[in-house]
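What follows draws every value from the coordinates through simple rules; no lab data is involved. Everything numeric here is computed off the predicted structure, so don't read it as measured data. Glycine gets a Cβ as well: all are built from the backbone with ideal geometry, and neighbour counts include every protein chain shown.
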Amino acid sequence: DQQVKQNSPSLSVQEGRISILNCDYTNSMFDYFLWYKKYPAEGPTFLISISSIKDKNEDGRFTVFLNKSAKHLSLHIVPSQPGDSAVYFCAASAHLNTGNQFYFGTGTSLTVIP
Amino acid sequence: DGGITQSPKYLFRKEGQNVTLSCEQNLNHDAMYWYRQDPGQGLRLIYYSQIVNDFQKGDIAEGYSVSREKKESFPLTVTSAQKNPTAFYLCASRMTGGTDTQYFGPGTRLTVL
């Protein structure tokens, strides 16, 4: 069963506008959340993360919001640029007795239109 | 430069053959992970290792094996028992303690003919 879900497979946004990518999770044990950007046939690149003790983390054009009660997080990119076009994965981390495990969503393909 | 290397970038094998994918990191990270990505799916965990000489099965470990004899290296063997081995394989590492951020290698595309 998918514990981290990205329900929008794709998103198109005009250059300069805001991109909002959404992610939902089911496991209340998750305490750390990450966003990765990925190009085809390459490894994911870490973008931004947030601990469960926070509700917002900002890094330049990227902001991640966490709503624990709704088990929902979102990534805001503003202003969007054509170079932001890629697949974005949401991930969540749980601390287990055997170590940290990470669970990934299925990704959202963002296209920024010039 | 510090980073994670995976070799080769593309790998072709005949059905029924075992194949080993390399993953090396010089980040001095303790934990290492192997994931598989298929079209339309997220990354699925195959195996992970928190320390040398210890590793744990992930969600889809059947048909795979790993070893962790050195901190820097975490090779993955895709055995003939893996029913659908053609996929994109990603290795990641993480420093235990501190933040839970994983860093990924460039990936290996395995095609079984």
Quick one: 3J(HN,Hα) in Hz for the stretch B:36-50, Karplus 6.51/-1.76/1.60 with θ = phi - 60°, rounded, Gly and Pro as x. 10, 10, 10, x, x, 10, x, 7, 10, 7, 9, 8, 8, 9, 8
Would you mind ranking A:Met29, B:Met95, B:Met32 so that the residue whose beta carbon has the fewest other beta carbons within 10 Å leads the list? A:Met29, B:Met95, B:Met32
Hz values of 3J(HN,Hα) by residue in the stretch B:6-21 - Karplus curve (6.51, -1.76, 1.60), Gly and Pro given as x: 10, 9, x, 6, 10, 9, 10, 9, 7, 4, x, 9, 7, 9, 10, 9
Over 18 Å, how big is the tail of the calculated P(r) for chain A, in percent of all Cα pairs? 47
Taking every residue in B:40-46, how many Cβ atoms of other protein chains lie within 10 Å of its Cβ, on average? 5
Quick one: what do you get for the stretch B:1-54 if you divide its Cα Rg by 2.2 N^0.38 Å? 1.33
Taking just the C-alpha trace of the protein assembly as shown, give me its Rg and Dmax in Å. 17.5, 51
Shielding of A:104-113 by partner chains, average beta-carbon count, 10 Å: 2
When only DSSP loop residues count, what trypsin sites (Lys or Arg not before Pro) in the stretch B:24-88 have their Cβ near at most 13 other Cβ atoms within 10 Å? B:Lys83
For the stretch B:27-113, Rg(Cα) over 2.2 N^0.38 Å is 1.06
Only four residue types carry charge here, +1 at the Cβ of Lys and Arg and -1 at the Cβ of Asp and Glu. Report the dipole size of chain A about the Cα centre in Debye, rounded to the nearest 20. 120
Please identify, among B:Gly40, B:Gly63, B:Gly16, the residue showing maximal mean-square fluctuation in a Gaussian network model of chain B using a 10 angstrom Cα cutoff. B:Gly40
Starting at the first residue of the stretch B:64-78, write each ³J(HN,Hα) from the Karplus equation 6.51 cos²θ - 1.76 cosθ + 1.60 with θ = phi - 60°, in whole Hz, x for Gly and Pro. 10, 9, 9, 9, 9, 7, 10, 4, 7, 10, 8, x, 10, 9, 9
Looking at chain A as a GNM with Cα springs under 10 Å, which of A:Ser19, A:Ser80, A:Ser51 has the largest mean-square fluctuation? A:Ser51
Checking the stretch B:4-89 for GluC sites (Glu not before Pro) in a loop per DSSP with at most 12 other beta-carbon atoms within 10 Å yields B:Glu15, B:Glu62, B:Glu69
